[in-house]
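We did not get these values from a lab; they are worked out from the coordinates using the rules stated. In this text, all values refer to a predicted model and were calculated from it rather than measured experimentally. Neighbour counts are summed over all protein chains in view; Cβ atoms, including those assigned to glycine, are modelled from backbone coordinates with ideal geometry.
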Amino acid sequence: MIVWLILGAAVMGFLRRVDLYDAFSEGAKEGLKSAVRIIPGLAAILTALRILQASGLMEALQRLLVPLAEALGLPGGAAPLLLIRPLSGSASLAVLEDILKRFGPDSVTGLAASAMMGSGETVLYTCAVYLSAAGIRRTRYVIPVSLAGWLAGCAVVGLFFR
């Protein structure tokens, strides 16, 4: 499928008499500029995540989130995803793997955790990337509203698995 998409773009560029190499080079140059702009935000998020993990604060916060998870209708075993999923996609995959090993993929906890993974985004990571790329410094309501959307998605998951 991707091959056809690339071939179609090349044919369209050829028909419109676009210098494909120059267009590609200009796009790559802009992409590299964007990558340089987002590195500080990514470094901050990843550093904060490692500090939370190394200090043991992450596990303490996860234990505190069990009542919130249960209030949302989620099994207590899925509580670690409430904390990790907004921060990091790869860390949340590792947490999901642990949940599936402990409770089983067909258990209520495993199904709820899988639905939570699919119903939300890594809010803080995504905001760091896109807001840094756009050069936005004052986020105003973007992060609180995004986190509220994540919690709303988790509440809907909780309704399905009560």
### Summary
Scoring the chain by relative contact order with C-alpha pairs under 8 Å, at least six apart, yields a percentage of 24
## Note on the structure
The residues 160, 103, sorted from fewest to most surrounding Cβ atoms within 10 Å, come out as 160, 103
#### Entry: Radius ratio Rg over Rh of the stretch 11-139, counting only Cα atoms, Kirkwood formula for Rh
1.16
### Message
Which one, 66, 108, 11, has the greatest fluctuation when you compute a Gaussian network model over the chain with C-alpha springs under 10 angstrom?
### Response
11
